[in-house]
Protein chains: 6
Amino acid sequence: MRPSGRSPDMMREIGMQPGFSAHAEGSCLVKFGQTHVLVTASVEEKLPPWMRGKGEGWVTAEYGMLPRATHTRGSREAAKGKQSGRTQEIQRLIGRSLRAVTDLKALGERQITLDCDVLQADGGTRTAAISGAWVALRLALDKIHAVTPFAVDPLPVQVAAVSCGVYEGTPVLDLDYDEDSVAHTDGNFVLTSKGSLVEVQATAEGAVFEEETLLRLLRLARIGTDAIFAAQRAATGR
Amino acid sequence: MRPSGRSPDMMREIGMQPGFSAHAEGSCLVKFGQTHVLVTASVEEKLPPWMRGKGEGWVTAEYGMLPRATHTRGSREAAKGKQSGRTQEIQRLIGRSLRAVTDLKALGERQITLDCDVLQADGGTRTAAISGAWVALRLALDKIHAVTPFAVDPLPVQVAAVSCGVYEGTPVLDLDYDEDSVAHTDGNFVLTSKGSLVEVQATAEGAVFEEETLLRLLRLARIGTDAIFAAQRAATGR
Amino acid sequence: MRPSGRSPDMMREIGMQPGFSAHAEGSCLVKFGQTHVLVTASVEEKLPPWMRGKGEGWVTAEYGMLPRATHTRGSREAAKGKQSGRTQEIQRLIGRSLRAVTDLKALGERQITLDCDVLQADGGTRTAAISGAWVALRLALDKIHAVTPFAVDPLPVQVAAVSCGVYEGTPVLDLDYDEDSVAHTDGNFVLTSKGSLVEVQATAEGAVFEEETLLRLLRLARIGTDAIFAAQRAATGR
Amino acid sequence: MRPSGRSPDMMREIGMQPGFSAHAEGSCLVKFGQTHVLVTASVEEKLPPWMRGKGEGWVTAEYGMLPRATHTRGSREAAKGKQSGRTQEIQRLIGRSLRAVTDLKALGERQITLDCDVLQADGGTRTAAISGAWVALRLALDKIHAVTPFAVDPLPVQVAAVSCGVYEGTPVLDLDYDEDSVAHTDGNFVLTSKGSLVEVQATAEGAVFEEETLLRLLRLARIGTDAIFAAQRAATGR
Amino acid sequence: MRPSGRSPDMMREIGMQPGFSAHAEGSCLVKFGQTHVLVTASVEEKLPPWMRGKGEGWVTAEYGMLPRATHTRGSREAAKGKQSGRTQEIQRLIGRSLRAVTDLKALGERQITLDCDVLQADGGTRTAAISGAWVALRLALDKIHAVTPFAVDPLPVQVAAVSCGVYEGTPVLDLDYDEDSVAHTDGNFVLTSKGSLVEVQATAEGAVFEEETLLRLLRLARIGTDAIFAAQRAATGR
Amino acid sequence: MRPSGRSPDMMREIGMQPGFSAHAEGSCLVKFGQTHVLVTASVEEKLPPWMRGKGEGWVTAEYGMLPRATHTRGSREAAKGKQSGRTQEIQRLIGRSLRAVTDLKALGERQITLDCDVLQADGGTRTAAISGAWVALRLALDKIHAVTPFAVDPLPVQVAAVSCGVYEGTPVLDLDYDEDSVAHTDGNFVLTSKGSLVEVQATAEGAVFEEETLLRLLRLARIGTDAIFAAQRAATGR
């Protein structure tokens, strides 16, 4: 039995509140149960120097966690003077995942930055961030499109992510903190709404795992991302 | 006429949502109009080394702003690797203001950290932070008190803050961004619910000011903080 | 009775030694009793990128303290790898105070940096720095003027600063270290030679204060700055 | 056809030179073709504070690349003052992979640090590092064992890693730089000598991929790691 | 002819003002012509952890230069966030030089920090710093001795330093900035009052030099340090 | 008797393996006994901004040590976030030494960076680095020359370096770690193949030294560098 009482293939309640932020071109407060991440999409009509003149745009991401998003307070990265390896790993993953479904040529010479800030954490912050980032990006593109229409939609498919892992011997979907902190195998799966894979990261935590387990986790991830894709469509009116 | 249509001595709508954060001992999402600050109070039963053994506690604050809290995206301090002078100035002010109304002996040997993170900015973020921090601190103390009662309440009075300034020649209360960005004189006033002063900071921005102006701004601040005190009481059930 | 035997409204001896530094365009070793600050004004005929092309100049300040300026040695900020929040707060205040009395258009497209380095500290280093910075700036402008005359004097009024506070229940002028370290209320007042206010910062240190106290401190500050203005004029031959 | 002329399931020549470093308790210069990584294992009979008193040891890793290990010179991380996100991601992966096959209880209260420094890079530096780190760790444990025998071998199985990816539409084993820089899908697979999985990381680079591709890459990885396991045994005399 | 009109073996005017700083246990404002360095000696009755329990003391040095000590303003190291390689090289040299003549056992378990801050620079700042540091250290030891007498004087000989170099083909003593900036060979010589060598650093700047030149520069250094030793004795009443 | 059994004027075995690195324009693995340094020369046809437009090139050096190059593991400078004073001192020395024998005008507007990374340390790493850097630089210049011939050879003479010191009262050549860690006087000598001096650094470690000692050490250095010059010629086919 999972601590939350969920069945192994059950997602937590998904919340997607579009337009949470007044200033950003696109934004979404995404909730996977008690995990709450605020994602904003900021459009700049200027590219970093190394991207200019290629007729392409860029999508990048930054990630942060409020010090008391967690059960016990963590130190503030700005005060420590550097981002942890974990933070950098996550923001690189988010950026890569969104770029995998973005047509950078169709986007044109502009940069969109996806800021993912965890207001409250209960496991799965990076997968919630990716899933919410798609909504924020979609809204920002719609806003650009309303003024200067794209010839080709730069974001033709959806992307979403979910974590799966082995909790007390059973593969389960969408780990919360109580499960995540004791899971022996832990994976993050990023998929498109067409069923293709964008990123698979499965890690043994203290015990190795078998190929069958990897495949089972991937099956669960397909169930979870289908639910997220529906929530994304609802939030963006697609 | 103020851009918002408010009269010179009119506050923006004040919102105080207690318990916004699930994990923190105390928390408050404070809103001064479109300025939204999430404050959490984290209790640690351990003091920094230099405070130990004095039979006293400590209250400190940290401040941050999400990159897209503002009209245009600012860079992330954690990514830049240091907190700006402005950030440090503000978090020192918040900590000082709350300590001024806290009885550190009554608090006992524990530290409370007030994290003030600006989710959305429209002027007055530091004064909103101070005002919301009182609520978060009050709730955290109440939570401690429920388990291990204080002999003496460590927080016998309220503290609140508001900015006032001279907009187009007229002293006005609670500057929003449109006013703040062009104000010639700008002041932050921190007051107690007994009418005493905790901190006065008045600054000439491009033009000097007279003593009468300072006094007029202080009068407005009293009007504003009275409204904030009422909202604080409502939020904490006092 | 004050530790120094001064009456409540008595400044420490003011010293202003212009031209202390051989290389700087303007310089002043300013002394408020045992507080000694070396201020140099460095003129650069080049502006920071964000200031260019506006037909205006810029005045900025940096502040530092030699490690053994104080009773016990403090660590060197260059060795620690960062400036403290206190240092940044002070140098922002100095820059703001000097800009408030400088006509940046009349200055033209050049930048003047005021380096304020505390050789010896006995309370009031920031106010001594502001007061000496005016002398260094005045001398640097005179030096420019001798070669390429200004159509309009960019520095038509004087600016000076002094600290005042409540020592053992009595409002006193120009706190030295013995007073400052135990004062309950502490204020820094920046005024112009025409009697206008540039900056007022009054802070409760462990006890709140009343409006009457603020006004009394301001009265004392006017007495102190009058003495400083006279010393500035003597040092610059005005 | 692959640039190197290899067939899709062919590894580059594997070199494992044990004892390359005179001082380290264990060391190995590992070569995957033109990719050369020096790994040293340093034993400290002291744990980091947060690990003490649990009756367990710790294995950790650090990763670096000489500035001119690559085709064009990269900047030195020590001179830039920070490790890149990529470096941190890699060193976390190496540490995790070796810990997954180490019995930390059997190791006892000591820490082993695996320093992986890339002398020359031609793709696959992280997988070569993991594979060589096993040799360095094995040798270091043998050295400890010769003096103070372990009751239980802390490293009962081997771990190795290899990269696989899709080059011009064909899944291939052990990407070199020419392939890696244009591959559409790129994966790193960490396996044990018993065939279990330790870590799977598959990433879409500009194009998504299907589940069948993931499985094909995993098949190739099994072929590659079998060859590496043999080389590890030869290098350690097992 | 030297720019200053000095003969090749002529020092600049040496000034040694002991007790310049009110707080430090020992201090000296040392002048070699227009080069002015403030040295303070700070005594701590506590050693850094790695020195404790050996029955010995430690002498260390830090070096800094005010931003406008030079002809054009340099950036402030505290603001840049790190000390330059030059600064570190100089402060290591100063510490080593003073330790070479200090009996660390006789000093006992205390640390003395010599802060050398250049108020004005005209060449030879590091040699002036070493020479003035001896005075500050001597005075600090005298102050300790007056309270808790040393059984053995920890500083039985003097140490001084001077720069020599080849200016327009002629070896000259005590280079000023005009000479230093064009000298082909440049050396810093640290000697004791008994004529022994503590440190010799001779460097080709754009042209190599011969052994005879090195010996000639050393002869000049002996002339210069003799004058400095006399000034040190006068300043300390020895 | 020296720990290694060498006579006082005997070098350790010198090894110079040219072309160790596949990518660098020039490279050399230099060995002085158990001290092994990998030097690469990287040519960039672009100068740092402050060097441009002078019709000259630049030669610079960086130095690093692998964490376990030494008997006990040192911390990684990239992880600590800064280069030590020692590292900076050494890399400045290497750069200066190579520039002293390079005709920067003949080199033309390009920069060559010499990366010296210590794979294994047993005393004398900086002198081995300088000696090996000449080989790497020579090879890089030969490679440039083969494509775009130099009118004048930018490197007409050789440069080499060796350490000498006083071990148990006897001046000895080429100190290894066992000697270096207890030597009372320690010197690094950089000489050209024509017998001229480039840099002399002699330091008292806990005891002063006499002029005769300096001269004796210099004699030993000439013996040592003659052997190194021969090895350099053999390695470069000169």
Going through region C:201-216 in order, the residues found to be within 22 Å of residue B:210 (Cα to Cα) and out of contact with any Asp or Glu (no Cβ under 9 Å at 6 or more places or on another chain) are C:209, C:210, C:211, C:212, C:213, C:214, C:216
Within region F:100-121, residues of a type in the set (Asp, Glu), over 25 Å from residue E:88 (Cα atoms) and within 14 Å of another protein chain (Cβ to nearest Cβ) come out as F:103
Residue C:80 meets each of (1) modelled with pLDDT of 95 or more; (2) within 13 Å of chain B (Cβ to nearest Cβ) with one exception, condition (1)
Item to complete: Would you confirm whether any residue within region C:153-174 is crowded, with 18+ Cβ neighbours inside 10 Å, under 18 Å from residue C:202 (Cβ atoms) and among the polar types (S, T, N, Q)?
Response: yes
In region C:156-172, anything closer than 14 Å to residue C:137 by Cβ and out of contact with any Ser or Thr (no Cβ under 6 Å at 6 or more places or on another chain) is listed as C:156
Note to self: Just to be sure before I move on: is residue B:17 touching a Cys at 6+ places or on another chain (Cβ under 7 Å), more than 19 Å from residue B:225 (Cβ to Cβ), surrounded by fewer than 20 Cβ atoms within 10 Å (Cβ to Cβ) and of a type in the set (S, T, N, Q) in the structure I sent?
What the structure shows: yes
Flagged in region B:44-72 as facing chain A (nearest Cβ under 9 Å) and either more than 30 Å from residue A:88 (Cβ to Cβ) or not in a loop (DSSP other than H, G, I, E, B) (or both), in numbering order, are B:44, B:62, B:64
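Residue-wise test of (1) touching a residue at least 60 places away in the same chain (Cβ under 8 Å); (2) surrounded by 23 or more Cβ atoms within 10 Å (Cβ to Cβ); (3) under 15 Å from the mean Cα position of the chain (by Cα); (4) more than 28 Å from residue B:235 (Cβ to Cβ).
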{"site": "B:1", "(1), (2), (3), (4)": "no, no, no, yes"}
{"site": "B:8", "(1), (2), (3), (4)": "yes, no, no, no"}
{"site": "B:21", "(1), (2), (3), (4)": "no, yes, no, no"}
{"site": "B:24", "(1), (2), (3), (4)": "yes, yes, no, no"}
{"site": "B:49", "(1), (2), (3), (4)": "no, no, no, yes"}
{"site": "B:53", "(1), (2), (3), (4)": "no, no, no, yes"}
{"site": "B:58", "(1), (2), (3), (4)": "no, no, no, no"}
{"site": "B:80", "(1), (2), (3), (4)": "no, no, no, yes"}
Residue pairs within 9 Å by beta carbon, gap of at least six or interchain, first lying in region F:210-221 and without any contact (Cβ under 8 Å) to a residue 12 or more places away in the chain, second of a type in the set (A, V, I, L, M, F, W, C) and surrounded by 21 or more Cβ atoms within 10 Å (Cβ to Cβ), listed first then second, are F:210/E:197; F:211/E:197; F:219/F:164
- Task: Could you tell me whether residue C:75 is under 21 Å from residue C:201 (Cβ atoms), surrounded by fewer than 19 Cβ atoms within 10 Å (Cβ to Cβ) and either more than 7 Å from every other protein chain (Cβ to nearest Cβ) or touching a His at 6+ places or on another chain (Cβ under 8 Å) (or both)?
- Result: no
Test for residue A:13: is it more than 11 Å from every other protein chain (Cβ to nearest Cβ), out of contact with any strand residue (DSSP E or B) (no Cβ under 8 Å at 6 or more places or on another chain) and not hydroxyl-bearing (Ser, Thr, Tyr)
no
* Asked: Just wondering, is there one or more residues in region C:81-88 that are under 26 Å from residue A:78 (Cα atoms), small (Gly, Ala, Ser) and not in a loop (DSSP other than H, G, I, E, B)?
  -> yes
If you check residue E:47 against the conditions, is it of a type in the set (A, V, I, L, M) and at pLDDT 95 or above? no
Checked pairs for region D:144-158, first of a type in the set (S, T, N, Q), second modelled with pLDDT of 95 or more, C-beta under 8 Å and 6 or more apart or across chains, list as D:158/D:101; D:158/D:134; D:158/D:192; D:158/D:193; D:158/D:229; D:158/D:232; D:158/D:233
Considering only strands (runs of 3 or more DSSP E) wholly within region E:122-207, the ones with at least 1 residues that are of a type outside the set (Val, Ile, Thr) and more than 14 Å from chain F (Cβ to nearest Cβ) are E:159-167, E:170-173
Selection from region C:108-164 of residues among the polar types (S, T, N, Q), within 26 Å of residue E:19 (Cα to Cα) and more than 11 Å from the chain's Cα centre (by Cα) yields C:120
When region A:208-238 is checked residue by residue, the ones that are away from chain D (no Cβ under 13 Å), of a type in the set (A, V, I, L, M, F, W, C) and farther than 17 Å from residue A:123 by Cβ are A:223, A:229, A:230, A:231, A:234, A:235
* Asked: For residue E:97, are the conditions met, namely being crowded, with 16+ Cβ neighbours inside 10 Å, within 14 Å of chain F (Cβ to nearest Cβ) and of a type outside the set (A, V, I, L, M)?
  -> yes
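The values are calculated or read from the model by the stated rules, or taken from the named source; none is laboratory data. Note that the coordinates shown come from a computational prediction; the quantities given were computed from them, not determined experimentally. Because the Cβ atoms are built from the backbone with ideal geometry, glycine has one as well, and the counts that use them run over all protein chains shown.
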